[in-house]
1. Could you grab me the full set of residues in the range 1-25 that are assigned to a loop (DSSP other than H, G, I, E, B) and exposed (fewer than 13 other Cβ atoms within 10 Å of the Cβ)?
2. So, in the range 1-16, exactly how many residues are in contact with a helix residue (DSSP H, G or I) (Cβ under 8 Å, 6 or more places away or on another chain) and free of Cβ contacts under 8 Å to residues at least 40 places away in the same chain?
3. Quick one: is Phe25 touching a Pro at 6+ places or on another chain (Cβ under 9 Å) and either aliphatic (A, V, I, L, M) or assigned by TED's automatic domain parsing to the domain that holds Asp54 (or both)?
4. Counting only residues that are of a type in the set (Ser, Thr, Tyr) and over 17 Å from Thr3 (Cβ atoms), which one in the range 34-57 is surrounded by the fewest Cβ atoms within 10 Å (Cβ to Cβ)?
5. Can you name the condition, by its number, that Val97 falls short on among (1) in contact with a helix residue (DSSP H, G or I) (Cβ under 6 Å, 6 or more places away or on another chain); (2) at pLDDT 85 or above; (3) not acidic (Asp, Glu)?
6. Scanning for something under 17 Å from Glu8 (Cβ atoms), modelled with pLDDT of 55 or more and of a type in the set (D, E, K, R), does the range 107-124 turn up at least one residue?
7. Consider only pairs whose beta carbons are under 8 Å apart and that are at least six residues apart or on different chains; among these, list those whose first residue lies in the range 92-110 and is under 18 Å from Pro68 (Cβ atoms) and of a type in the set (Lys, Arg) and whose second residue is at pLDDT 80 or above and assigned to a helix (DSSP H, G or I).
8. Surrounded by fewer than 17 Cβ atoms within 10 Å (Cβ to Cβ) and either small (Gly, Ala, Ser) or in the same structural domain as Arg96 (by TED's automatic domain parsing) (or both): is that true of Gly31 in this structure?
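The values are calculated or read from the model by the stated rules, or taken from the named source; none is laboratory data. Here the structure is a predicted model, which is why all the values come from computation and not from measurement. All Cβ positions, glycine included, derive from the backbone under ideal geometry; neighbour counts span all protein chains shown.
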Amino acid sequence: MATQEHEERFKQFKKDVDLLKAKGFTHTKVGEKMKVSKSNFSNYYRGIVPVTEDFLLKFYQAWAERLPEQSESKKDSYDQDPEMGDSTGERPNEYRVKDIIVEKLVDGQNRLINANMILAESNKIAAESYKILAESHQKLIDLFIQQGGKSDMANR
């Protein structure tokens with residue numbers, strides 16, 4: 001994830017946690033719902049441990065229904081599609097979770113494409129190696145036969 005985008009998501013995460021705290025949820029309660037210890041959650045919140053996409057996904061899946069439907073930091077192109085947010089262009093929480101899921105799917109797809117390209121190249125190299133090995137084997141057989149070896153040995 002890009003550094004600026006990561007910082008924006010981290011800021012939004014902290015704002016959302018602060019909203020939960022204002023509603024009476026402690027770091028312990030927030031972490032419990034996410035199946036994360038209070039100390040680990042606090043380390044993420046304070047920035048000691050980098051907030052990952054997986055962590056954000058877990059957070060928003062657990063807490064999206066308790067957060068307001070609009071996000072103060074998402075005033076961008078969504079204001080042009082009324083279904084994507086309200087008239088101020090703010091994006092609902094459910095879309096933040098979906099954005100994270102889509103990003104993870106795209107990242108996974110890109111990794112699969114790269115792995116497939118590597119596999120195809122490996123198969124090409126293996127085929128070339130097999131061809132060279134077969135040619136070398138045939139040359140050894142021919143040499144053996146030329147030097148008077150028994151032909152039944154060449155057929156092994």
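1. Start the filter on the range 1-25 by keeping residues that are assigned to a loop (DSSP other than H, G, I, E, B), which leaves 1-2, 23-25.
Across the range 1-25, the qualifying residues are Ala2, Lys23, Gly24.
2. Total satisfying the criteria: 1.
3. Details: touching a Pro at 6+ places or on another chain (Cβ under 9 Å): no; either aliphatic (A, V, I, L, M) or assigned by TED's automatic domain parsing to the domain that holds Asp54 (or both): yes.
Criteria not met by Phe25.
4. So the residue we want is Ser39.
5. Condition (2) is where Val97 drops out.
6. We begin by selecting, within the range 107-124, every residue under 17 Å from Glu8 (Cβ atoms); these are none.
Scanning the range 107-124 turns up no residue that is under 17 Å from Glu8 (Cβ atoms), modelled with pLDDT of 55 or more and of a type in the set (D, E, K, R).
7. Close Cβ pairs (under 8 Å, with a partner that is at pLDDT 80 or above and assigned to a helix (DSSP H, G or I)) amount to Arg96/Gln12; Arg96/Tyr60; Arg96/Ala64.
8. Numbers: surrounded by fewer than 17 Cβ atoms within 10 Å (Cβ to Cβ): no; either small (Gly, Ala, Ser) or in the same structural domain as Arg96 (by TED's automatic domain parsing) (or both): yes.
Criteria not met by Gly31.
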